[in-house]
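What follows is a single structure, written as structure tokens, with notes after it.
The values are calculated or read from the model by the stated rules, or taken from the named source; none is laboratory data. Please read these numbers as outputs of a predicted model, since none were measured by experiment. Cβ sites come from the backbone with ideal geometry, for glycine too, and all protein chains shown count toward neighbours.
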Amino acid sequence: MILIKGRYCSTLFLLGLAIGLALLLIMQGSGSMMDELDVTSVSEEFGKWKVSFNWSEMDEYASSVSHGDSTSGKTAIGTDALTLASASDNAKILKVSVIMYSKSDASLINHTSMMALANGTLAKSKVCKEIDVAERVMDGRSGIFARGLKCPINEPVYVAVYPVEYHLDRPGGILASTAVGLILSTYNPEATERFINSVKIVQIK
């Protein structure tokens, strides 16, 4: 009688284990499908630009735009910026800036200049530990992708820099000029990678 009861319990245990594993596989499959369904294509306009990117519908954000002007020697510099701030965590922001120069100058978008811009942006963001820098293609253009840790809280900061196609519409005609896209993110690696891999910045004005 004891032996029969033991076999019965073992059978129930194995049956329960099999059902549990099946449910786990179903949940994992559903989770993957949900992750895919939760990602959508989003577009935002800021200044002369429109940026399109993939975003998780689960992560709501508030957007704001800004513009600044400066000069460097005889070169006028304008910056249009879009900031996406998480509605649930004020430490998470993603800022897209386009720095526009009033002349065409290849030296402004060479490897050295983009590296300096990435490093300077991380320094302003209080990144104080080792910085990882790599060359990377974004929206079909070769640029710089860098990351480091913000002190003293050890939160990751990501920066991407790459050339953006830009023209000046002047009375004398349309002139090709130079612009740089600058992306700063304190979102998690998944959200940052999703954005970087899908980003498209297009001039609309």
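Among the residues of the stretch 110-154, which ones are among the acidic types (Asp, Glu) and either at positive phi or within 18 Å of the chain's Cα centre (by Cα) (or both)? If you could, list the steps in order and put the result at the bottom.
Filtering the stretch 110-154 for residues among the acidic types (Asp, Glu) gives 130, 132, 135, 139.
The answer is 132, 135, 139.
Scan the strands (runs of 3 or more DSSP E) fully inside the stretch 36-107 and keep the ones with 2 or more residues being of a type in the set (Val, Ile, Thr).
Numbers: elements: 39-46, 49-56, 61-72, 75-86, 93-101.
The qualifying strands (runs of 3 or more DSSP E) are 39-46, 61-72, 75-86, 93-101.
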Could you check how many residues of the stretch 62-75 are modelled with pLDDT of 95 or more and surrounded by 13 or more Cβ atoms within 10 Å (Cβ to Cβ)?
3
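If you check residue 82 against the conditions, is it in contact with a helix residue (DSSP H, G or I) (Cβ under 9 Å, 6 or more places away or on another chain) and surrounded by 16 or more Cβ atoms within 10 Å (Cβ to Cβ)?
Details: in contact with a helix residue (DSSP H, G or I) (Cβ under 9 Å, 6 or more places away or on another chain): no; surrounded by 16 or more Cβ atoms within 10 Å (Cβ to Cβ): yes.
In short, no.
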Flagged in the stretch 37-61 as among the polar types (S, T, N, Q) and exposed (fewer than 11 other Cβ atoms within 10 Å of the Cβ), in numbering order, are 40, 41, 43
Scan the stretch 127-146 for residues that are out of contact with any Lys or Arg (no Cβ under 6 Å at 6 or more places or on another chain) and assigned to a loop (DSSP other than H, G, I, E, B) and jot them down.
128, 129, 130, 131, 140
Inside the stretch 147-200, can you point out the residues that are part of a strand (DSSP E or B), aliphatic (A, V, I, L, M) and out of contact with any Lys or Arg (no Cβ under 6 Å at 6 or more places or on another chain)?
159, 160, 161, 164, 168, 174, 175, 176, 179, 180, 182, 183
